[in-house]
1. Pick from the range 7-62 the residues that are of a type in the set (K, R) and over 26 Å from the mean Cα position of the chain (by Cα): which of them is most open to solvent (accessible area, probe 1.4 Å)?
2. Please specify each residue of the range 241-275 satisfying the condition of being under 18 Å from the mean Cα position of the chain (by Cα) and outside any helix (DSSP H, G or I).
3. Within the bounds of the range 280-287, is there any residue that is open to solvent by less than 20 Å² (accessible area, probe 1.4 Å), at positive phi and out of contact with any Phe, Trp or Tyr (no Cβ under 6 Å at 6 or more places or on another chain)?
4. For the range 309-366, which positions are open to solvent by 50 Å² or more (accessible area, probe 1.4 Å), within 29 Å of E262 (Cα to Cα) and among the hydrophobic types (A, V, I, L, M, F, W, C)?
5. Could you tell me whether the range 53-66 includes any residue that is touching a strand residue (DSSP E or B) at 6+ places or on another chain (Cβ under 7 Å), among the β-branched types (V, I, T) and in contact (Cβ under 8 Å) with a residue 60 or more places away in the chain?
6. Give me the pairs, please: first residue somewhere in the range 72-84 and under 14 Å from I208 (Cα atoms) and of a type in the set (V, I, T), second residue anywhere and in a helix (DSSP H, G or I) and modelled with pLDDT of 95 or more, beta-carbon distance under 8 Å, and either six or more positions apart or on two chains.
7. In the range 195-219, which residue that is modelled with pLDDT of 95 or more, touching a helix residue (DSSP H, G or I) at 6+ places or on another chain (Cβ under 7 Å) and farther than 16 Å from A54 by Cα is surrounded by the most Cβ atoms within 10 Å (Cβ to Cβ)?
8. Could you tell me how many of the residues in the range 123-152 are among the aliphatic types (A, V, I, L, M), within 20 Å of the chain's Cα centre (by Cα) and open to solvent by 20 Å² or more (accessible area, probe 1.4 Å)?
Amino acid sequence: MLYLDNAATTRSKPPGVYSAMMKYALLGGGNAGRGNNKLSLGGIKTIIDTQESAAKLFGMKNESNIIFTQNATYALNIAILGTLNRSDHIVITAMDHNSVLRPAVSHGNYSVASADKTGYVNPAEVRRRIKRNTRLVVCTHVSNVCGTIEDVAEMARAAHMNGALFLLDASQSAGSLTVNMEEIGADMIACPGHKGLMGPMGTGILCIRDPGKVKAVITGGTGSESENMRQPETMPDKFHCGTMNIPAIAGLREGIEFVLKEGAENIGKHEKMLSDIFRNNLHNMNGVIVYGRGDTGITAFNISGLDSAKAAEKLGKDIIVRAGYHCAPLAHKALGTENGGSVRVSFGYFNTVSDVRRITDAVYNIVLQNEML
């Protein structure tokens, strides 16, 4: 099998991820915060250790302000719905994922900053849509459709100049680019654990600069202040409701430590190198349209006369890519692929140049077949 869908989830994980999960499942098992026994305390220690690793990765000064969720979607929903009051306005962009679009639409008072045909959102477009009552500006760091990198630091400055907060969706950048809260000027950073951080599925992260500005949208048992019927404000208990997925969090820590050791920029350079070779190969094929600017390890393309789903099917069942709309309908309108979406090939750190050759040959064979019809 040739796996090239790393933008959806990384399939190959560092060995330490699997061993950490197995170790906790077999030797741990305590419910964090539910008692003073050594198993329960061990669960708390696993959370704290993972917070410390994540703090190093994201340049967070206070690791207690990092919470774990079941994915980036939950993290983004907490950040958006926990920040906005009924009269507040939110600015989103055309390149955002449905995990941002749908909460904004549900809130109702929103504006969309447009993107150009390469998937780039000019920060001036964001600035123009900020109003007096804008509370939050949100943007993806890297498009999950075409891999274009956005100028999120400039967007954060625009938000702050108008008294708004800036939320960074790092779903496609965490683990492949430097994502530093202070350098970007983000007030919140959300990302999944199972993509670039190479952790297990069912993990997500939300970094919050000032937890006092974010309401808890889910409340319940925290193991602390149990005598109080109100949700505690103590971090991370304010957002850690119910039993935490400690085996997965243990695995996530190992994934983050692997990224810290290898270097996110080095990982991203390798992925981009593979994507650059592939994009150049596609540009030399008749009837192949390539989208985006080639900023990262994500390549989106279409073959003339073929629906994206059909093209992906023709690649063969042993080549795993993604076709369709990738949960980002406005991005496809910007790219001109709203009628059928696109084929997405996303390289990971464990892919090789021989993998590029194989996917190139597969696409070329489809093009040849197309020309013969």
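The values are calculated or read from the model by the stated rules, or taken from the named source; none is laboratory data. Bear in mind that the values here come from a model prediction, so they are computed numbers and not experimental data. Using ideal geometry, Cβ is built from the backbone for each residue, glycine included, and neighbour counts are taken over all protein chains shown. Ligands, DNA and RNA are excluded from the accessible area calculation, which covers all protein heavy atoms including side chains. Shrake-Rupley method; radii C 1.70, N 1.55, O 1.52, S 1.80 Å.
1. My answer is K38.
2. Residue satisfying the conditions is G263 alone.
3. no
4. Within the range 309-366, F350, V353 qualify.
5. yes
6. Short answer, once both residue conditions are applied: I80/V100; I80/P103; I80/A104; I80/H107; T83/K213.
7. Ranking the qualifying residues of the range 195-219, first place goes to V214.
8. Number of matching residues: 1.
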